[in-house]
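Here, each number is a calculation from the coordinates, and none is a lab measurement. Just so you know, these numbers come straight off a predicted model, no measurement behind them. Cβ: placed from backbone, ideal geometry, glycine included. Neighbour counts: every protein chain shown.
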Amino acid sequence: MKKKSEKISFSYFGYLNIEILENILVDTREYLKVNFKDNKVSKRIYVVVVEALENIIKHNNVSVLEQNKIKFEINVLENSCKLLFANKIYCNEENNIKNILTQIQNKSKHEIKELYKITIQKAKISDKGGAGLGFLEIAKVVNKIDYKFDNINSNTCEFILEIEIARNS
Amino acid sequence: MNKIFIKKTDRTPEVTIDAENAYFCMEYDSRPEDVRKFYYPIIEKLKIITDTIIQKNTLKYFDEKPFVFEFKMGYFNSSSAKFILDLLSVVQNFKNAGANIKINWFYFDDDEDMKEAGEDFSDFCDIKFNFFAIEPEE
């Protein structure tokens, strides 16, 4: 249930692959250009959308992805924007994601920067093209990261990532 | 060939390497589908050029005219950031060998995050950057 002041301004529900990602990003850019006068905020939203959706493509198990519809929303509030990403994962991937996000959550910008510095210098590019920097890149530009896992069955669950970006930062 | 020009696409930046004129430039957006395939040849080429200059002992050529590296990025994703750092480590080695270099980092004047990204790279590779704020393109 959405709060009264919260409105979904942009949303996508459906399959995700490289071609679809391109279309989503073109539409997102257009939406941001038309609806946000503050380029700093719109760039931050774009950074989060790219990293979060590329994460879904790069890190999800292919067999799950084949039947996986993702959900992506940009909700505009008076003083902030909330972005939501939901995708299906195998339950055994839950701990890995939790470990990464626990390291990032509630850290100061300075601490995030230090962690980013260590991580980028050690980073190795995976076969899927990831550098393990996606969540950190998000953390650099946002004000709050929340997440949860909703069980679907004994093997799969839905990973829900909620990001808040201040509109007047 | 000491000259390379890679045209920009929707996902990849424009890249110029011009060894004769001591100039490197990368501009626009970077989020390649295959980040290794895009960046490895560029890093390799730059490494060959700088290593050749060091081996031929022609570093003095740059005493009066520095080798200029320019970054005019609108956006780059996290995987590209890793490769930009790898590219800068080639520049760092070149500098440490005694080359006179200059790094110019351009950012849109309403994009402080891009300026900060440049400051971070400068800190990571311990090289001074020159920063230039430019007006966003319409």
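The table below gives the values:
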{"read-out": "Estimated [θ] at 222 nm from DSSP helical runs (n ≥ 4, -39500 (n - 2.57)) normalised by residues in chain A, nearest 500", "value": "-14000 deg cm²/dmol"}
{"read-out": "FRET efficiency estimate (nearest 0.05) - Cβ-Cβ, A:ASN39 to B:ASN93, R0 41 angstrom", "value": "0.70"}
{"read-out": "3J(HN,Hα) from dihedral phi, the stretch A:12-17, Karplus parametrisation 6.51/-1.76/1.60, rounded to Hz, x for glycine, proline", "value": "9, 9, x, 6, 9, 9"}
{"read-out": "For the stretch B:1-118, fraction of C-alpha pairs farther apart than 16 Å, in %", "value": "60"}
{"read-out": "Gaussian network model of chain A, springs between alpha carbon atoms under 10 Å - residue of A:PHE85, A:PHE72, A:PHE13 with greatest fluctuation", "value": "A:PHE13"}
{"read-out": "Förster radius 35 Å - calculated FRET efficiency between A:GLU158 and A:ARG29 (Cβ-Cβ, nearest 0.05)", "value": "0.80"}
{"read-out": "Chain B - mean residue ellipticity at 222 nm from DSSP helices (-39,500 (n - 2.57) per run, n ≥ 4, rounded to 500)", "value": "-13000 deg cm²/dmol"}
{"read-out": "Farthest positive-ward along the stretch B:3-134 dipole, Cα basis, beta-carbon charges - from B:PHE124, B:SER30, B:PHE62", "value": "B:PHE62"}
{"read-out": "Distant-in-sequence amide H partners of A:THR156 (H built 1.01 Å from N, under 5 Å)", "value": "A:CYS91"}
{"read-out": "Fraction in percent of alpha-carbon pairs per bin - 20 Å, the protein assembly as shown", "value": "31, 55, 14, 0"}
